[in-house]
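Chemist: Handing you a structure now.
The values are calculated or read from the model by the stated rules, or taken from the named source; none is laboratory data. Predicted model only: the values in this text are computed from it and were never measured. Using ideal geometry, Cβ is built from the backbone for each residue, glycine included, and neighbour counts are taken over all protein chains shown.
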Amino acid sequence: MGCVVVGPAMTAAAISPSFSSRVSTFFYLRPRMLLALFLLPPLLWLGVVYLGSLFALLAQSFFQLDDFTGQVVYKPTLGNYLRLFNEVNLSIIGRTLGMASIVTIISGIIAFPIAYYMARYATGKTKALFYVAVMLPLWSNYLVRVYSWRLILAKEGVIHWAFNEVGLGWLLDGILSLPVVQGSSLSTSHLGTCITFVYIWLPYMILPLQAALERVPRSFIEASSDLGAKPAQTFRKVIFPLAIPGIAAGSIFTFSLTLGDYIIPQLIGSSRPFIGQAVYQFQGTAGDIPMAAAFAMAPIVIMAVYLSLAKRFGAFDAL
């Protein structure tokens, strides 16, 4: 048998650590540097693409369109923001805020009993069935759902047909003649717009609310009952206060999504525009990018105020 002679070079190579082990040791001893290295690419993406586009939008809002040449004048001015306070634009902002608020309130009223049943009573397959039922609308295309509701709410749709069949067509006509509703059919009224918004965004209210209600300890409810509280008192003083973070979290989705949507008001409802439609018209039809940017800043400011209020109610703890 031959023998292998171990030389000094081989011994040094066997003893000295490899490059990969030196690198792993380096980062093991410096965990913060490793964390920073992992976070660098997404933070760069967030800073350049997301925040960069917002700053570009903000910068554009301080320029102005020359009415004669149709060119953007790159001189800082507050003219676009002053135009936001004229009667027409204020009515658009107010209309959108009102619709977003109503949709959020109705969604909360509908979502609460569903979320409460899912959190307290549904178990196993029943809970899974509820999750599927809540999530199922989100699996279909957004435009398909909106167009479906456009057909349902039309004058020849199933809702008008059902009211006429049971002899309540006069009641629906009376509702449509109200000043707030104003439409020849549900598909051309604010009521139809509200119904569609609630249907589209309802899952975003149910899920955070259900998660918040599941975190309410059963011992609190049992203790309330043992102390002689009636079910209504238990709900008012125990369950509802602890569910407020979930309601606030769900309202962030329903309120913000309604605030910025321009497709539903364009397909269902009257011709009176919302903020999203105004932004689309200014940048598309009119070609007034600076005014569109100023209008787009309105929902951003509104949501900043709304998020600060929602944070006080613990909304981010339920997300």
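Chemist: In the range 208-226, what residues are surrounded by fewer than 20 Cβ atoms within 10 Å (Cβ to Cβ) and assigned to a helix (DSSP H, G or I)?
Modeler: Within the range 208-226, 211, 214, 218, 219, 220, 221, 222, 223, 224, 225, 226 meet the criteria.
Chemist: Identify, please: which residue in the range 73-112 is loosely packed, with under 13 Cβ neighbours inside 10 Å and of a type in the set (D, E, K, R) and is, among those, modelled with the highest pLDDT?
Modeler: Per the stated criteria, the residue is 87.
Chemist: Another one. Could we say that residue 229 is more than 27 Å from residue 154 (Cβ to Cβ) and not in a helix (DSSP H, G or I) here?
Modeler: yes
Chemist: Quick test for you: out of 276, 250, 260, pick the one residue that is within 16 Å of the chain's Cα centre (by Cα), at pLDDT 85 or above and buried (at least 23 other Cβ atoms within 10 Å of the Cβ). Spell out how you get there, then give the answer.
Modeler: On the way: 276 fails: buried (at least 23 other Cβ atoms within 10 Å of the Cβ); 260 fails: buried (at least 23 other Cβ atoms within 10 Å of the Cβ).
From the options 276, 250, 260, the qualifying one is 250.
Chemist: Can you tell me how many residues in the range 218-238 are of a type in the set (Ser, Thr, Tyr) and farther than 21 Å from residue 112 by Cβ?
Modeler: 1
Chemist: Of these, 80, 89, which one is touching a strand residue (DSSP E or B) at 6+ places or on another chain (Cβ under 8 Å), assigned to a helix (DSSP H, G or I) and either at negative phi or of a type in the set (Phe, Trp, Tyr) (or both)?
Modeler: 80
Chemist: Which of the residues that make up the range 117-144 are closer than 19 Å to residue 244 by Cα and touching a Phe, Trp or Tyr at 6+ places or on another chain (Cβ under 9 Å)? First the steps, then the outcome.
Modeler: Keep residues of the range 117-144 that are closer than 19 Å to residue 244 by Cα, which gives 117-120.
Of everything in the range 117-144, those that are closer than 19 Å to residue 244 by Cα and touching a Phe, Trp or Tyr at 6+ places or on another chain (Cβ under 9 Å) turn out to be 117, 118.
Chemist: Looking at 179, 245, 231, can you tell me which residue is within 30 Å of residue 296 (Cα to Cα) and surrounded by fewer than 15 Cβ atoms within 10 Å (Cβ to Cβ)?
Modeler: Unique residue meeting the criteria: 179.
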